[in-house]
Amino acid sequence: MHAASIETLIEKFARFPGIGRKSAERMAFYILERMSEEDASQMASAILDAKKSIHFCSQCQNLTDIDPCRICGSQKRDRSVICVVESPEDVNAIELTNEYNGLYHVLHGALSPVDGITPDDIRINELLLRLSDTAVKEVIMATNPTVNGTATAVYISKLLAPFDVKVTRIAHGIPIGSDLEYADKITLIKALENRQIM
């Protein structure tokens, strides 16, 4: 039995993805027992400031504090390629490779009929608008290799058929450093399908 304000704090933390009740309790008690009032106030201010200043880039739909975002606004990026991803975290993951120099489009989700997520709930229309008035030559579908991610990639690729663009899909297969015996059947199938000449 916690005080009402502690219970409210726990409930708020438990709303975060991947945070269960126990983790939410630990976070709440860490703030109450170990954080100074000044640190707690700064944390609350940081959350409010981010909520006020961060918005969607008008071009790629990524989260940004300027418009267009730094990637869309850069003259050093290859504007003939757009990499379609599900989330801003996916943009960061690809950027960390230092291997991709094109633009992005963030869907903010994937199609999921079970969860009631339809094409109108993610940023597909914004992608189509970008293609209608740009010189894009290739769209890379980099949605997650899940049932929903794959269905989203297939759905978007069909919508892009009328456009004069090449639609590609990132390869899937065995992760570096893992053993074949631990790979699931679908991963092995994809690894065989996406094999390359050595």
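The values are calculated or read from the model by the stated rules, or taken from the named source; none is laboratory data. Quick caveat, the model's predicted, so the values are computed rather than measured. Note that we place each Cβ from the backbone using ideal geometry, even for glycine, and neighbour counts take in every protein chain shown. All accessible areas refer to the heavy atoms of the entire protein, side chains included, with ligands and DNA or RNA removed. Shrake-Rupley method; radii C 1.70, N 1.55, O 1.52, S 1.80 Å.
Things worth noting here:
- Residues that are out of contact with any helix residue (DSSP H, G or I) (no Cβ under 6 Å at 6 or more places or on another chain), part of a helix (DSSP H, G or I) and of a type outside the set (Asp, Glu) within the stretch 7-30 comprise THR8, LYS12, LYS22, SER23, ARG26, PHE29, TYR30, listed in sequence order.
- Some residue of the stretch 150-166 being of a type in the set (S, T, N, Q), in contact (Cβ under 8 Å) with a residue 40 or more places away in the chain and assigned to a loop (DSSP other than H, G, I, E, B): no
- Number of the condition not met by GLU138 [criteria: (1) surrounded by 14 or more Cβ atoms within 10 Å (Cβ to Cβ); (2) out of contact with any His (no Cβ under 9 Å at 6 or more places or on another chain); (3) over 20 Å from ILE94 (Cα atoms)]: (3)
- VAL136 free of Cβ contacts under 8 Å to residues at least 24 places away in the same chain, in contact with a strand residue (DSSP E or B) (Cβ under 9 Å, 6 or more places away or on another chain) and either assigned to a helix (DSSP H, G or I) or under 22 Å from PHE56 (Cβ atoms) (or both): no
- Test: residue in the stretch 177-190 that is open to solvent by less than 70 Å² (accessible area, probe 1.4 Å), outside any helix (DSSP H, G or I) and at pLDDT 80 or above: no
- The residue that is least open to solvent (accessible area, probe 1.4 Å), counting only those in the stretch 47-96 that are of a type in the set (Asp, Glu) and either in contact with a helix residue (DSSP H, G or I) (Cβ under 7 Å, 6 or more places away or on another chain) or over 25 Å from ASN144 (Cα atoms) (or both), is GLU86.
- Put simply, of ARG70, ARG26 the only residue that is of a type in the set (D, E, K, R), at pLDDT 95 or above and under 15 Å from PRO88 (Cβ atoms) is ARG70.
- Selected residue [touching a strand residue (DSSP E or B) at 6+ places or on another chain (Cβ under 7 Å) and of a type in the set (Val, Ile, Thr)] from ILE94, ILE117: ILE94
- Test: residue in the stretch 59-70 that is assigned to a helix (DSSP H, G or I) and within 20 Å of the chain's Cα centre (by Cα): yes
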